[in-house]
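Take a look at the structure set out below.
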Amino acid sequence: MTTPTATRTLRRTTYIQTLRTLLLAAAAALCCAALPADGIGPQLRIIPGISTEDGRFLAAGAACSMKFDRIPFYIAVSTDFDFLSGSFDVSAAADYWILNPRISDCWKWFFGVGLMAGASFSGSSVSVGAAPRAFFGMSWIFFDGYFELYAQQGVQPEVRAVFGQDSGMQVPIRFPSDVGVRFWF
């Protein structure tokens with residue numbers, strides 16, 4: 001049997017949690033509405049590469065990407081799993097699109113450069129790294145500009161510091177291949 005005080009406290013706690021969730025959702029909606037014509041969506045990736053220490057690697061993962069319309073700027077946050085070493089990677093990339101010409105009404109190609117930073121977790125080792133990157137790709141825009149399908153290929157010569165059991169420096173070169181969709185608002 002619950003007391004009236006316990007019932008009031010439970011109702012008040014539930015009310016505060018609901019109010020906090022609604023306020024956060026409203027703030028996120030206002031922030032998104034303030035950005036004109038932005039695209040956001042999921043991206044799948046496969047990343048073959050070579051390394052000075054391990055030889056080769058093959059990772060796959062998923063990302064969330066965002067592209068801004070007014071400035072040729074792209075950002076992505078991703079997680080990847082390396083099938084050969086068993087490592088789990090978390091990274092972020094920021095790119096500047098140098099070219100984005102139209103091939104036809106809904107078909108474009110693009111080229112750009114950017115930066116990537118990330119961390120990798122493997123057994124008892126942790127590594128952090130950064131890399132310049134160059135990429136090119138194609139995109140197709142449908143439904144009056146509300147839906148975009150894209151594919152891109154890149155190269156990232158990375159410098160990575162390893163801490164833990166296998167301490168040292170690594171210089172992997174990654175070749176990320178990405179496909180994804182973006183929803184424009």
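The values are calculated or read from the model by the stated rules, or taken from the named source; none is laboratory data. Predicted model, so just to flag it, every value in this text is computed and none were measured. All Cβ positions, even for glycine, are placed from backbone atoms using ideal geometry, and neighbour counts span all protein chains on display. We work out accessible area using only protein heavy atoms, side chains counted, and drop any ligands, DNA or RNA first. Shrake-Rupley method; radii C 1.70, N 1.55, O 1.52, S 1.80 Å.
The heavy atoms of residue 107 offer some 90 square angstrom of accessible surface to a 1.4 angstrom probe. Taking N as the residue count of region 105-162, its C-alpha radius of gyration divided by 2.2 N^0.38 Å amounts to 1.59.
Taking 0.36 nm per residue of separation and subtracting the current Cα-Cα distance, fully stretching the chain between residue 40 and residue 147 would add 37.5 nm.
Accessible area of residue 185 (1.4 Å probe, protein heavy atoms only, ligands and nucleic acids ignored): about 100 Å². In this simple spin-label model, placing a label point 7 Å from the Cα along the Cα-to-Cβ direction at both residue 90 and residue 140 gives a separation of 3.5 nm. When the residues 108, 67 are ordered by accessible surface, computed with a 1.4 Å probe over the protein chains alone, the sequence from largest down reads 108, 67. Extent of region 61-139 along its three principal axes (Cα atoms, max minus min coordinate, largest first): 51, 20, 17 Å. What distance in nm separates the simple spin-label points at residue 50 and residue 64, each placed 7 Å from Cα in the Cβ direction? Between residue 50 and residue 64, the simple spin-label model gives 3.6 nm. Here region 60-105 yields Rg over Rh of 1.15, to two decimals, using C-alpha coordinates and the Kirkwood radius. Multiplying the residue separation of residue 130 and residue 155 by 0.36 nm and subtracting their alpha-carbon distance yields 7.7 nm. Remark: region 157-172, residue by residue, has Karplus-estimated 3J(HN,Hα) of x, 9, 10, 10, 9, 9, 10, x, 4, 9, 4, x, 10, 10, 10, x Hz, where x stands for each Gly or Pro and the curve is 6.51 cos²θ - 1.76 cosθ + 1.60 at θ = phi - 60°.
Sorting the segments 175-181, 68-74 by their residues' average number of neighbouring beta-carbon atoms within 10 angstrom, most packed first, yields 175-181, 68-74.
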